[in-house]
Every structure is written in C-alpha cells, then in structure tokens.
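Reading through the structure tokens given below for one structure.
The values are calculated or read from the model by the stated rules, or taken from the named source; none is laboratory data. Note that the coordinates shown come from a computational prediction; the quantities given were computed from them, not determined experimentally. Cβ: placed from backbone, ideal geometry, glycine included. Neighbour counts: every protein chain shown.
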Amino acid sequence: MAVSTGTPPAASRSNVPRGPEPGAAPVRGNRWHRAERRLSPYAYISPFFIVFGVFGLFPLLYTAYVSLTAWRADTDGSQHDFVGLDNYRTLLHDQFFWNALRNTLGIGLLSTVPQLLLALGLAHLLNYRLRGRTFIRMGVLLPNVTSVAAVTIIFVQLFGRDFGLINWFLGLFGVPHTDWQAGTWSSWIGISTIVTWRWTGYNALIYLAAMQAVPFELYEAAAIDGASRWRQFRSITIPVLRPTILFTVITSTIGALQMFGEPLLFSASQTPMAGGSQHQFQTMALYSYDQFWGKFKYGYGAAISWAMFLVIVVIVAVNFLLARRMKGVEAA
Amino acid sequence: MTTLPLVKRPRRRSGRDRQLSAGKGVYVALAVVVALSVFPLYWTLVAASRDNASLSQVPPALLPGSHLFTNLRRAFDQADMQLALVNSLIVAGTVTVCVVLTSTLAGFAFAKLRFPGRGPLLGSVVATMMVPTQLGIIPLYIMMANWLHWANHLQALIVPAAANAFGVFFMRQYLVTAIPDELLDAGRMDGCTTRGLYWHIALPAARPAMAVLGMLTFMASWNDFYWPKVVMTQQNPTVQLSLSELASGYIQDYSLVLTGALVSSLPIIAVFLLMGRHILDGIMQGAMKG
C-alpha cells in the first residue's frame, strides 16, 4: 500500500494548483537566481542518492558478480576466479540449502499467519471507545520497541528446559517438559512465538489506523438491516482493510524470509550459525551468513543471497496474485 | 489559506464519540494482551534483580529481588558494557541526525519542487524500499573490510545508514500536505531562493515529522543486530553485540544475561515511555498516508 499509491496521484496532485511556474516571479529573474532554482532540487536529493548509490545500489549489483566467482576470503587472488553459474548449480544439489528454505518457509508461515490474524482481532478490540487508550496502545507496541537480540535472549530463558517459565506453566497442566531447541516443530514454534510476540501489536496499530477511516454510517446502516457484528466485520471491515492487509502480509513476509537474529540467538549453543543440532531451524539468512562469514565462501554466500531474493520476489508476487483473485471473486 | 496554520496538519476527526463503547469483555481481553506484552520485560527485571539460585526454584520467583546492583556491576565488568553503550549512543545519535537531515532535504524536493525526472526518481526511492538489505551484505562487507578498511570502526555502521528510502518517503508524504503551495509561491514572489524556502518554510513545517522520524530511526539503529554482527567485533561492540556475547557463554548465567538484556533495552524503553504518543501517531499516520 505504501508502495502502490505513492507516486503518480500525489505527483500530479501537486502539479495542479501551482501557477504557471516559469515567469511567475519575473521580479528578480536574474541568471543566478534561475540557475539556483533549476539546480537546487538535484542538490537536495543528492545526499540520499549518493549514500544509496555507494552503499545500497552498488553492493546489490556487485553481489551478482561475486556470486559468479569462487571468491574465498582465505584464498588470495580467488576474487578473479570466474566460475560462471557453478555456485548456482551447487546450490541446486545442496541439501542444506533446501533444508534452510524449508525451515524459512515453515517458520515464516507459523509466525506470519497467527500474527496477522491476532493483530486483526486486536485491532478490532482497540477500535472500541476505550478509557486509557494511549496507555493500552503503548502497552501493545512495547514488544516492538525492544530489540531482536534482547527479546530472543529473554525468550530463550523463558523457554528454558529445566527452569523456564513456559515449561513450568505448561507443567501445571500436566504437559511434560519440552526441550524447545531440540525438535523441529518445537523449535519452529519457539521462534515463531518470539516473532509473533514482537510484531502483533505493531500490525494491530496499522489495522486500527485503517479501521478508523471506515465511516460509522456504514455500520449503522448494516445494523439497521439486521447484520450481526460478525457479518459487519466480514462484509465491511475486511473489504475496507484489504489494501492494508496486503501491505502487512507483504512486509511481514519479506521480514520472515530474511529472519536472522531470532534463529541465531535462539540456538543458545556454541555453534549458533548451525541453527540447531540437526540444522532444524537454520534459516536461509543464517545459512548464507554461515557460508560467507563462518566458512569464508564469498562467492557461494552471494549465490545464496540471490536465491533468497528470488524466493522473496516469487512469494510476494504470489501474494499479489492471490489478493487480486480474492478481489475478483468478491466482485463477481 | 489563512495565515499560520501550516505547522498544524489537518487532523482527521477520528469519530471517537461515535465508536461503540467497550464492554467488560473487551477490557478483560485487552488487559490479557497488555499483560502478555509487558510480562517478558517485567520478568527480565525480576531475573536481573535476583541471584541464579533463586531463579532455578520451583515455583519460579515472580517478584524482584535485591541483587540488581550486584548484577549490574558484574555485567559491566564481564562484558564491556560501558564501551558498548557509548558506541551505540554515538552510532544511533549520528545516524539519527544524518537521516533526519537527508530525508528532510530530499523529502522537501520531492514534495514541493518541480524538476525534470522527479517522478522516476521518486519511483526509484519507493522501489528501493522493497529490496531486502541482506542481498548486498557480502559486497558491503568486502567494501568495508578490504577497500575502505572501516571494518570494526564505527563509521562502518554510520555512513551506510546516513540516508534511507523510508525516511525520504516518510518526509515527502508529510510535506506534501503540510506546506500549502500558495505559501511557497508567495515566497517566490518575494524573491526567496529555494534555500530560503527550505529554511524558512519547509523546516519549521517539518518539525513534528522530524521528531517522529528521528525517534523511529534512533530505535532502529540502536536495535540493529545483523550488520553490526557482520562488520564489528567484540573488541568494539554495540550494545546488541555485547548482549549476544553475554548470552553465548559456556556457563549459562541467567541473571547476568538478563541484566544485559535489561541494560540494552532500558534506554530505548525510556525514550518510548517519554515519547510513545508521538511514535504511535507516526506509525498510524504512516499507515494511513501510505
């Protein structure tokens, strides 16, 4: 949403009410003045574009080159060792890459779906007229303010096998103590809990902002027609929120696919880059980091980065298509 | 346009008095959510104020103890927390000033100045928000380590973060409506240069958005983990790195680790408690404008 409506309408809007620009101020139209006026916009935007060009765009393009080499940090001269698509061929048969992809998608689904559903429900609650609403909203946003590192480390203690509060609490209901890091599902659930805790309130506030733009009359009219609360929520709130929902789905998908700090610090072992004893929660970002930082393979690490980017693009595109189809179905 | 309303942005009536009022059930549900949101942080405070023996008892301790200062001293001795705090403060502070400055400049140009190429350039700003940062991380590290020799220096954290697309877009969206075009035209008539317009009209009007963007940037920079983890070492850490180092020790010293978590989070939580209302506004307005 932030993306789709940004440029064209606003740009044309601000063109309309302006007077005929050149010649509107002929009073001091000397040459220096005109030059200043023509060139200064570029001067104003240049700091951003210089920083972005050098530290954003250039590395992005350079990754593509690095991914075609056998560059290793521990081998001199290897940066010129051009190997074509070899790294990508290796990747296709690399079981650890597929494992990382599976883990990333699994943890991504487990964290994104409940998180957004909970956020929707929470936003609905926050949309009532409330006493102390600033306090409640701040309380809900507090987890998002805390850093990934701190949150994960706190939760690792809460998930502790022997003395963790979560096992103690579950034990009250007769659930045996779980070693959360050890299993595939338990570790996925653990990491997803951390992500969900950190982001639900933030997304709820974004939904809330969109909900408050819905005219109250719509609900009144629906209520007069005998629509139940649930029906109003489904037929008014959700359709109005669709662009916002798509926006949050996409941002949280992109975030989930790049997940790094949570699995790294969740492992609480001496080899955190492995993502668990059986790599059961090694995500793509973690695997890429493991290859380039832990094993000095710049070329291969870069290839993993590109593969990751491709996965992100495909999944975001699928999200868009699904959203469009849903819209089509409803219109029909 | 009347005389001076430009600093205040048009406030949408939220229709507050027309919302459904909440019943008991809503309050109970929200109380549970807020409790769940606050509890892990509260428990961090509990653990940081106790010794390890009392943390491993059943049922677990749920009230703060008396060891907070002992633990703080241990944390500052064991990990270089002092250096880490100073480093994080320098980095987050400098990055915030730079981002607010570059974003205000570019945001003003994109919102209010007409120049050839404006549309495509703004489009490219929006497009860069979509590109995942991790894609360029290896070359960025190579640049820092091999070419610039900035690895393990604070400028490796500051310079690449000195401008970002989100900030530019955020400022542009704000300034489009915050400054009436008539005012700029009037300024031009009076012979104001573009710099004059920026200085006397845009900057004062941008102040509220600058505060919000500044806080969001400061928090993001303070909390950043991935890039510091790649380019810095434990000899020159940020707070987040020190904290992860504390947590990766052979012997799990819970109260020490959680004291570290407390120390690293407190400054940010303090900022949030003081300015939280503006941050809330920023997030919700950002959502609406986008």
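Restricting the stretch A:270-286 to residues that are in a helix (DSSP H, G or I) and more than 10 Å from chain B (Cβ to nearest Cβ) leaves a set whose member that is surrounded by the fewest Cβ atoms within 10 Å (Cβ to Cβ) is A:MET273. From the set of residues in the stretch A:179-199 that are under 15 Å from A:ASP162 (Cβ atoms) and crowded, with 19+ Cβ neighbours inside 10 Å, which is nearest to the other protein chains (Cβ to nearest Cβ)? My answer is A:GLN181. So is A:LEU125 within 8 Å of another protein chain (Cβ to nearest Cβ), under 25 Å from the mean Cα position of the chain (by Cα) and free of Cβ contacts under 8 Å to residues at least 40 places away in the same chain or not? The answer is yes for A:LEU125.
The single condition among (1) closer than 18 Å to A:ALA307 by Cα; (2) modelled with pLDDT under 95 that A:ARG37 does not satisfy is (1).
Scanning the stretch B:182-198 turns up one or more residues that are of a type in the set (A, V, I, L, M, F, W, C), in contact with a Leu (Cβ under 8 Å, 6 or more places away or on another chain), part of a helix (DSSP H, G or I) and within 10 Å of chain A (Cβ to nearest Cβ). Within the stretch B:161-181, if we keep just the residues that are within 8 Å of chain A (Cβ to nearest Cβ) and touching a Pro at 6+ places or on another chain (Cβ under 9 Å), the residue that is nearest to B:SER103 (Cα to Cα) turns out to be B:ALA163. Has the stretch A:297-312 got at least one residue that is assigned to a helix (DSSP H, G or I), under 29 Å from A:LEU120 (Cβ atoms), among the β-branched types (Val, Ile, Thr) and more than 8 Å from every other protein chain (Cβ to nearest Cβ)? Scanning the stretch A:297-312, I find at least one residue that is assigned to a helix (DSSP H, G or I), under 29 Å from A:LEU120 (Cβ atoms), among the β-branched types (Val, Ile, Thr) and more than 8 Å from every other protein chain (Cβ to nearest Cβ), so the answer is yes.
Can you pull out the residues in the stretch B:264-280 that are over 19 Å from B:SER49 (Cα atoms) and at the interface with another protein chain (Cβ under 10 Å from one of its Cβ atoms)? Matches in the stretch B:264-280: B:ILE268, B:VAL271, B:PHE272, B:LEU273, B:GLY276, B:ARG277, B:ILE279, B:LEU280. Restricting attention to the stretch B:142-157, the residues being crowded, with 19+ Cβ neighbours inside 10 Å and under 21 Å from B:CYS98 (Cβ atoms) number 4. Surrounded by 19 or more Cβ atoms within 10 Å (Cβ to Cβ), modelled with pLDDT of 90 or more and not aromatic (Phe, Trp, Tyr): does that describe B:ALA111? Criteria met by B:ALA111.
Taken together, A:GLY121, A:GLY106, A:GLY56 contain a single residue that is of a type in the set (Gly, Ala, Ser), under 30 Å from A:LEU205 (Cβ atoms) and modelled with pLDDT of 95 or more, which is A:GLY106. Where helices (runs of 4 or more DSSP H) fall entirely within the stretch A:134-227, those with at least 3 residues that are in contact (Cβ under 8 Å) with a residue 12 or more places away in the chain and polar (S, T, N, Q) are at A:184-211. When A:GLN115 is tested against (1) outside any loop (DSSP other than H, G, I, E, B); (2) more than 17 Å from the chain's Cα centre (by Cα), exactly one condition is not met: (2).
I need the full set of residues from the stretch B:244-263 which are touching a residue at least 40 places away in the same chain (Cβ under 8 Å) and facing another protein chain (nearest Cβ under 7 Å), in order please. Correct list: B:TYR254, B:LEU258, B:ALA261. The set of residues from the stretch B:252-281 being surrounded by 20 or more Cβ atoms within 10 Å (Cβ to Cβ), under 12 Å from the mean Cα position of the chain (by Cα), of a type in the set (Val, Ile, Thr) and at pLDDT 85 or above comprises just one member, B:ILE268.
Taking the stretch B:14-54 as the range and being at pLDDT below 85 and facing chain A (nearest Cβ under 7 Å) as the test, the residues that pass are B:SER14, B:GLY15, B:ARG16, B:ARG18, B:GLN19, B:LEU20, B:SER21, B:ALA22. Per the conditions (1) at pLDDT 90 or above; (2) within 26 Å of A:LEU120 (Cβ to Cβ); (3) not hydrophobic (A, V, I, L, M, F, W, C), the sole criterion not satisfied by A:GLY226 is (1). Residue count for the stretch A:254-269 under the criterion of being within 21 Å of A:TRP98 (Cβ to Cβ), at the interface with chain B (Cβ under 9 Å from one of its Cβ atoms) and in a loop (DSSP other than H, G, I, E, B): the result is 2.
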